[in-house]
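A short worksheet on the structure shown next.
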Amino acid sequence: EEKFAIWKKARKDAYDEKKEIWNKYDSFIQQAMSEMKKYLQKYDNFNSDLCPDWIWIKSMLWTEGHPVDFEYEWEHRPLRIGVAGDAGAPALLNKDEAISLVIPTGAEWQNLTLSKITNDPYSNIRAAIIYLMNKLSLSDQISVDDPNDKTIYTVKVSTADGHGTMDAIALDRRRIGTTKEILERENPGVNPTRLHNGQELRYCKGSKQRVIFGWRFPVNAKIIAQQYNGGGDAAYEAKVDYVHSLLSGSMGREK
């Protein structure tokens with residue numbers, strides 16, 4: 001409690017005294033969140049009004065860092081994505097989960113590298129916003145028909161060709177290019193567990209694709225702590241909640 005009180009006092013003093021260094025990234029965060037919201041509006045299920053405003057990102061920034069005690073990090077990776085043991089940077093660079101679906105267009109967003117993320121503060125903030133929005137999205141892999149090929153094809157069940165089951169047929173992306181869901185849909189009445197060699201199955205082209213079907217909105221400190229911090233700091237929720245209350249108290253929930 002004493003450590004937390006000291007931690008809070010540093011943020012309260014920074015806010016009350018309007019210490020410029022603590023507000024260094026304000027305009028950039030606002031710009032970045034504006035670009036992110038504009039991009040995500042392409043999804044019908046995205047509600048810009050419920051999306052985290054820039055003050056939530058600043059609250060994370062004030063929670064993650066300190067411009068004096070941790071000056072190097074503040075100047076290079078203020079939101080700490082990419083530090084040792086961080087899961088966010090690998091997920092972002094590998095485009096895991098729904099990362100590729102939430103990255104705005106533009107070279108500054110698209111061409112992030114580990115070097116940029118860990119050395120350039122603005123790239124670090126962009127990376128953190130991408131990772132947060134990825135974790136706030138609800139996504140899954142679903143079967144999607146190829147919109148450019150409506151042809152109905154056939155394939156024969158053949159253990160010799162590696163097509164002994166619907167799962168095996170769906171895995172043959174090079175020669176077949178379909179999904180188990182499409183095979184089941186196009187062959188009503190066929191029992192997938194009782195196929196036999198020589199049996200002919202209908203299918204159309206398609207693939208498994210990740211889609212966003214919802215969002216964890218509206219956000220709060222608990223959701224951000226669970227999704228972004230991943231348990232690295234047991235006090236993260238309380239810290240974010242305190243800073244957000246502090247900043248939004250007089251600044252308002254600016255968009």
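Summary table
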| quantity | calculated |
| --- | --- |
| Index of the failed condition, E75 passing every other in (1) of a type in the set (D, E); (2) touching a Pro at 6+ places or on another chain (Cβ under 7 Å); (3) not in a helix (DSSP H, G or I) | (3) |
| Residue identified as open to solvent by 30 Å² or more (accessible area, probe 1.4 Å) and more than 16 Å from the chain's Cα centre (by Cα) among H66, H76 | H76 |
| Some residue of the range 117-128 being in a helix (DSSP H, G or I), open to solvent by 20 Å² or more (accessible area, probe 1.4 Å) and hydrophobic (A, V, I, L, M, F, W, C) | no |
| Residue within the range 203-210 that is surrounded by 13 or more Cβ atoms within 10 Å (Cβ to Cβ), more than 28 Å from the chain's Cα centre (by Cα) and assigned to a strand (DSSP E or B) present | yes |
| Failed criterion for P218 (all others in (1) closer than 30 Å to I125 by Cβ; (2) in contact (Cβ under 8 Å) with a residue 40 or more places away in the chain; (3) not basic (K, R); (4) not in a loop (DSSP other than H, G, I, E, B) hold) | (4) |
| Every residue from the range 1-25 that is over 22 Å from the mean Cα position of the chain (by Cα), of a type outside the set (G, A, S) and open to solvent by less than 30 Å² (accessible area, probe 1.4 Å) | R11, W22 |
| Of the criteria (1) in a helix (DSSP H, G or I); (2) closer than 20 Å to K135 by Cβ; (3) free of Cβ contacts under 8 Å to residues at least 40 places away in the same chain; (4) not basic (K, R), which one L112 fails | (1) |
| Hits in the range 27-49 (condition: farther than 15 Å from T105 by Cβ, open to solvent by 60 Å² or more (accessible area, probe 1.4 Å) and touching a helix residue (DSSP H, G or I) at 6+ places or on another chain (Cβ under 8 Å)) | Q30 |
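Conditions (1) within 28 Å of R216 (Cα to Cα); (2) open to solvent by less than 30 Å² (accessible area, probe 1.4 Å); (3) at pLDDT 95 or above, marked per residue:
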position	(1), (2), (3)
Y131	yes, yes, yes
V144	yes, no, yes
P147	no, no, yes
V155	no, yes, yes
H163	no, yes, yes
E200	no, no, yes
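The values are calculated or read from the model by the stated rules, or taken from the named source; none is laboratory data. Quick caveat: nothing in here was measured; it's all calculated off a predicted structure. Reconstructed Cβ throughout: ideal geometry from the backbone, glycine too, with neighbour counts over all protein chains shown. In case anyone asks, the SASA skips ligands and DNA or RNA and just uses the protein heavy atoms, side chains included. Shrake-Rupley method; radii C 1.70, N 1.55, O 1.52, S 1.80 Å.
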